[in-house]
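Okay, structure first, notes after.
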Amino acid sequence: MSKLAQESGAINLSQGYPDYDCDPELIELVNKHMRAGHNQYAPMAGVALLRERIAEKANMLYGADYHPESEVMVTAGGTQAIFTAIAALVHPNDEVIIFDPAYDAYAPAVKLMGGFVKSYELSPPNYKIDWKAVRKLISAHTRMIILNTPQNPTGTTLKEEDMEELIAITRKTDILILSDEVYEHLVYDGQQHLSMARYPELRERSVVCASFGKLFHNTGWKVGYCMAPALLMDEFRKVHQFEVFSVNTPVQHALADYLADKSHYLGLTEFYQAKRDFFSGLMQGSRFKLLPCEGSYFQTARFDRISNEKDTDFSKRLTTEVGVATVPVSAFYTKGTDFGIIRFCFAKKDETLERAAEKLQKL
């Protein structure tokens, strides 16, 4: 859709990245560390100070004690962390439960490792998990459950009752959890982010993946991290070593310095909630019906009052004829299930959102 937007000259609200730059202070820090000579390979696990700052952050936010030496890993973005975890822990004939609609990197990685994907379809508008149905998917071959909160593309979040069910389902089993938490600081309306790291019974079986690119508006830098118990992290590192070995050195040093000021990430909720509310306000009175957005920087919407087309066809027409690019949510379902919903990214400048909304209001 981004390619189609570029070809059509459309406003791009499809792919999940900002159209504004990151903090100039962070750019200056990268420059500082480049000039200081931090331009060679970093340690395989990541710059020590950055891993320490990540562990401190997890302890402050979630009360979780991750050892920076053996349980924290810096990765080349969140997607690499996810792929590496699957490659390290999923083996041929293992079954992995995925909740659709899902980020499209999960299933291919499982299949590449010879695993079997068991998809559980969530339905709008609330995309709530029926844990009784999930129990029926579990078998002796279940190796992993992949969760994403806040969730891409739906913008929903896991609740306390979900965590209780997850604890009950996995207790006294060997099931592992891969928790994609790249939008951990984008949780709105006074809710708390419920990380797997908060819950000792889940933490001991979980690989938690996160992304600095999503947090600090620099997705092109491709730096993320993961946290896991030492036993799981040992396996993770066996793959990481021969996959990327190490991650951008001056950027790691800069991020370590930047994380020293907690306001750099604690203020993100307010920043993005304001963007969500701004875009929602702009869309009032349009024929789109916005669905609840509890987190992430994505807003989903029904378009049935405008068209009965397939969401893929509608998205393409919206891009080429109206001049606003979106993503059809059916693209995130294994079976291509179409509920007539599209996804907007509101991580954009206010003027970008205003121009897009002006076009969308005319439909």
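Give the stretch 227-240 a look and list any residue that's within 27 Å of Leu26 (Cα to Cα) and either assigned to a helix (DSSP H, G or I) or among the hydroxyl-bearing types (Ser, Thr, Tyr) (or both), or say none.
Residue satisfying the conditions is His240 alone.
Name the single residue that is farthest from Lys57 (Cα to Cα) among those in the stretch 221-267 being under 22 Å from the mean Cα position of the chain (by Cα), without any contact (Cβ under 8 Å) to a residue 40 or more places away in the chain and surrounded by fewer than 16 Cβ atoms within 10 Å (Cβ to Cβ).
Here the residue is Gly267.
Scanning the stretch 31-47 for residues that are surrounded by 18 or more Cβ atoms within 10 Å (Cβ to Cβ) and among the small types (Gly, Ala, Ser), which turns out farthest from Val247 (Cα to Cα)?
Here is the first cut: in the stretch 31-47, the ones surrounded by 18 or more Cβ atoms within 10 Å (Cβ to Cβ) are 33, 38, 42, 45-47.
This time we only want the ones that are among the small types (Gly, Ala, Ser), so: 42, 45-46.
Numbers: Ala42: 7, Ala45: 9, Gly46: 7 Å.
Going through the qualifying residues, I end up with Ala45.
For the stretch 209-220, how many residues meet the condition of being touching a residue at least 60 places away in the same chain (Cβ under 8 Å) and of a type in the set (A, V, I, L, M, F, W, C)?
Residues in the stretch 209-220 being touching a residue at least 60 places away in the same chain (Cβ under 8 Å) and of a type in the set (A, V, I, L, M, F, W, C): 3 in total.
Within the stretch 44-53, can you find the residues that are under 14 Å from Val223 (Cβ atoms) and touching a Lys or Arg at 6+ places or on another chain (Cβ under 9 Å)?
The one that is under 14 Å from Val223 (Cβ atoms) and touching a Lys or Arg at 6+ places or on another chain (Cβ under 9 Å): Ala45.
Got at least one residue in the stretch 154-168 being surrounded by 21 or more Cβ atoms within 10 Å (Cβ to Cβ), within 22 Å of Ala55 (Cα to Cα) and modelled with pLDDT of 95 or more?
no
Could you list all residues from the stretch 128-142 that are surrounded by fewer than 20 Cβ atoms within 10 Å (Cβ to Cβ) and under 25 Å from Pro92 (Cα atoms)? So that I can check it myself, show each step before the final result.
Step one: filter the stretch 128-142 for residues surrounded by fewer than 20 Cβ atoms within 10 Å (Cβ to Cβ), giving 128-141.
Those that are surrounded by fewer than 20 Cβ atoms within 10 Å (Cβ to Cβ) and under 25 Å from Pro92 (Cα atoms): Ala133, Val134, Arg135, Lys136, Leu137, Ile138, Ser139, Ala140, His141.
Which one of Asn59, Asn12 is under 21 Å from the mean Cα position of the chain (by Cα) and not assigned by TED's automatic domain parsing to the domain that holds Ala140?
Numbers: Asn59 fails: not assigned by TED's automatic domain parsing to the domain that holds Ala140.
It is Asn12.
Taking the options Val90, Val117, name whichever one is in contact with a helix residue (DSSP H, G or I) (Cβ under 7 Å, 6 or more places away or on another chain) and within 30 Å of Asp304 (Cβ to Cβ). If you could, list the steps in order and put the result at the bottom.
Details: Val90 fails: within 30 Å of Asp304 (Cβ to Cβ).
Result of the check over Val90, Val117: Val117.
Which of the residues belonging to the stretch 314-329 are among the small types (Gly, Ala, Ser) and in contact with a Pro (Cβ under 8 Å, 6 or more places away or on another chain)? Steps first, answer last, please.
Taking the stretch 314-329 as the starting set, the residues that turn out to be among the small types (Gly, Ala, Ser) are 315, 323, 325.
Within the stretch 314-329, just Ser315 meets the criteria.
So Thr173 passes all but one of these: (1) surrounded by 22 or more Cβ atoms within 10 Å (Cβ to Cβ); (2) hydroxyl-bearing (Ser, Thr, Tyr); (3) farther than 25 Å from His193 by Cα. Which condition number does it fail?
So Thr173 meets the others, but not (1).
Just the residues that are part of a loop (DSSP other than H, G, I, E, B) and β-branched (Val, Ile, Thr), please, taken from the stretch 181-226.
Of everything in the stretch 181-226, those that are part of a loop (DSSP other than H, G, I, E, B) and β-branched (Val, Ile, Thr) turn out to be Val182, Val223.
If you go through the stretch 268-279 one residue at a time, how many are in contact (Cβ under 8 Å) with a residue 24 or more places away in the chain and of a type in the set (A, V, I, L, M, F, W, C)? Can you show your working first?
Keep residues of the stretch 268-279 that are in contact (Cβ under 8 Å) with a residue 24 or more places away in the chain, which gives 268-269, 272-273, 275-276, 278-279.
Among the residues that remain, those that are also of a type in the set (A, V, I, L, M, F, W, C) are: 268, 278-279.
Adding up the residues that qualify gives 3.
Can you tell me which residue is nearest to Lys238 (Cα to Cα) among those in the stretch 57-80 that are touching a residue at least 24 places away in the same chain (Cβ under 8 Å) and surrounded by fewer than 18 Cβ atoms within 10 Å (Cβ to Cβ)? Step through it out loud before you land on a result.
Looking only at the stretch 57-80, we keep the residues that are touching a residue at least 24 places away in the same chain (Cβ under 8 Å), and these are 57-58, 60-64, 66-67, 69-80.
If we keep only those that are surrounded by fewer than 18 Cβ atoms within 10 Å (Cβ to Cβ) too, we end up with 60, 63, 67, 69-70.
Values: Met60: 29, Gly63: 28, His67: 18, Glu69: 15, Ser70: 13 Å.
Only one residue tops the list, namely Ser70.
Just to be sure, is Arg305 in a loop (DSSP other than H, G, I, E, B), farther than 25 Å from Gly9 by Cα and not assigned by TED's automatic domain parsing to the domain that holds Asp189?
Values: in a loop (DSSP other than H, G, I, E, B): yes; farther than 25 Å from Gly9 by Cα: yes; not assigned by TED's automatic domain parsing to the domain that holds Asp189: yes.
Taking the combined requirement at face value, the residue satisfies it.
The values are calculated or read from the model by the stated rules, or taken from the named source; none is laboratory data. Everything quoted here is computed from the prediction, not taken from an experiment. Methodologically, a virtual Cβ is constructed for each residue, glycine included, from the backbone with ideal geometry; neighbour enumeration extends over all protein chains shown.
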